[in-house]
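As structure tokens, the structure follows; a few thoughts come after it.
The values are calculated or read from the model by the stated rules, or taken from the named source; none is laboratory data. Given the structure is predicted, the values throughout are model-derived calculations rather than measurements. All Cβ positions, even for glycine, are placed from backbone atoms using ideal geometry, and neighbour counts span all protein chains on display.
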Amino acid sequence: MAEVKYWVGFNIVRGIGPMRFRALLDHFGDLEKAWHADARELKKAGLDQRALENLTTGRSTISLDGEMEKIERQGAKVLTWDDPAYPPRLLNIYNPPPVLYVKGEILSEDQWAVAVVGTRRATVYGKEAARWIAGDLARNRVTIVSGLARGIDSEAHRAALDAGGRTIAVLGSGIDIIYPPESRRLAQAVVERGALVSEYAIGTPPEAGNFPPRNRIISGLSLGVVIVEAGERSGALITGDFALEQGREVFAVPGNIFRRKSMGTNKLIQQGAKPVLSVEDVLEELNLTMVSKQAEVRAVVPENETEATLLEYITAEPIHVDEIGEKSGLPIAQVSSTLALMELKGMVRQVGGMNYVLAREGRVEYVVD
């Protein structure tokens, strides 16, 4: 859509973060009007003097069409809050990135994702643990999310690819600048079976200040975060903090109590993070033991009017199958069989006694032809 270039423009202007994006949208209705608005109207929308000055400079120096051409040359695309393809789990975090640059593909099956992260200076034990966990998760049709960094992150991506699975790498730079440089071949493999993702504009270098914010995207895309190996001040712990803020599960791999690189993960376990002794610890805690079946059923069974009808009566509060049948006016046999398929597809959950609730990610809206 034509308006995407205005999202890209505002994303480049310093000082226009998620909160100001929202304020501009609320005030003007769309970002094209905001881009061309005068200073008086922009102040009414909540921009302070510094943001106004940055925007004034940006409007005179940024070629919106030129930026879109750069993105096209990279073989990438832009997802905004308004795009139906924007990952719904990420959209629901606090201050989600208004713009995502994506090279590769984010698929519906990537909703079953787990982040595997850790120190850049990994030990042999840490690397082996990362490969073991990420590989087994990938073999269970779980998408691996990480940050393409040296050490644990790269091992997690490679293990997912070696297992024939999918993986998403979240960058602290523009998607055209791969950091570290030795990961270029790995990045290309990720594009072929997953995606490179960044909130930073094309050409943005990997500055130190970019990495902590990108960690909220790693956790935001995931059901849970597994921290494999981390010292007490490791950046991987920041991802764990974001995960907790976002209501995600945090897991940690126990390590040698005499090694500094295990102090962070061991302390997390001491503080209540779930220890990972096998991949089943993650799969069971996140209710991912049936993810292969869920993915297969979702791929072959289309959404239909019956599912849409039943979703009208299923909320976070348990409701019995008989009551669903009574309220929907549908035959109980049709209700029961449809609910069974919906459970396999991850749309609803049975919580005992034939009572159903919406799956943890909330209501999914389906368009029925």
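Residues in region 179-190: is at least one buried (at least 24 other Cβ atoms within 10 Å of the Cβ), farther than 21 Å from Val253 by Cα, of a type in the set (Gly, Ala, Ser) and over 12 Å from the mean Cα position of the chain (by Cα)? The answer is no; no qualifying residue exists. Residues in region 88-119 that are hydrophobic (A, V, I, L, M, F, W, C), under 20 Å from Glu192 (Cβ atoms) and in contact with a Leu (Cβ under 7 Å, 6 or more places away or on another chain): 4 in all.
For Pro97, the conditions (1) assigned to a loop (DSSP other than H, G, I, E, B); (2) at pLDDT below 95 all hold with the exception of (2).
Somewhere in region 75-93, is a residue basic (Lys, Arg), within 19 Å of Ile168 (Cα to Cα) and either touching a strand residue (DSSP E or B) at 6+ places or on another chain (Cβ under 7 Å) or in the same structural domain as Ala243 (by TED's automatic domain parsing) (or both)? For region 75-93, residues basic (Lys, Arg), within 19 Å of Ile168 (Cα to Cα) and either touching a strand residue (DSSP E or B) at 6+ places or on another chain (Cβ under 7 Å) or in the same structural domain as Ala243 (by TED's automatic domain parsing) (or both): present.
The residues of region 112-132 that are of a type in the set (S, T, N, Q) and surrounded by fewer than 22 Cβ atoms within 10 Å (Cβ to Cβ) amount to a single one, Thr123.
Close contacts from region 27-47, counting a first residue that is touching a residue at least 24 places away in the same chain (Cβ under 8 Å) and a second that is buried (at least 16 other Cβ atoms within 10 Å of the Cβ) and among the hydroxyl-bearing types (Ser, Thr, Tyr), with Cβ to Cβ under 7 Å and a gap of 6+ residues or different chains, come to Leu31/Tyr6; Glu32/Tyr6; Trp35/Tyr6.
Every condition in (1) polar (S, T, N, Q); (2) in a loop (DSSP other than H, G, I, E, B); (3) touching a strand residue (DSSP E or B) at 6+ places or on another chain (Cβ under 9 Å) holds for Ser183 except the one numbered (2). Scanning region 5-21 for residues that are without any contact (Cβ under 8 Å) to a residue 60 or more places away in the chain, more than 14 Å from Lys33 (Cβ to Cβ) and either outside the structural domain of Leu42 (by TED's automatic domain parsing) or in a helix (DSSP H, G or I) (or both) yields a total of 1. Kindly establish whether Gly104 is more than 13 Å from the chain's Cα centre (by Cα), at positive phi and either of a type in the set (Gly, Ala, Ser) or not assigned by TED's automatic domain parsing to the domain that holds Glu245 (or both). Criteria met by Gly104. Could you identify the single residue in Asp176, Asp153 that is farther than 16 Å from Trp112 by Cα, in a loop (DSSP other than H, G, I, E, B), touching a residue at least 12 places away in the same chain (Cβ under 8 Å) and of a type outside the set (A, V, I, L, M, F, W, C)? Every option except Asp176 fails the conditions. For Ile257, the requirement of being without any contact (Cβ under 8 Å) to a residue 60 or more places away in the chain, among the β-branched types (Val, Ile, Thr) and in contact with a helix residue (DSSP H, G or I) (Cβ under 8 Å, 6 or more places away or on another chain) is met.
Selection over region 21-54 of residues that are surrounded by 14 or more Cβ atoms within 10 Å (Cβ to Cβ), charged (D, E, K, R) and over 29 Å from the mean Cα position of the chain (by Cα) gives a count of 4.
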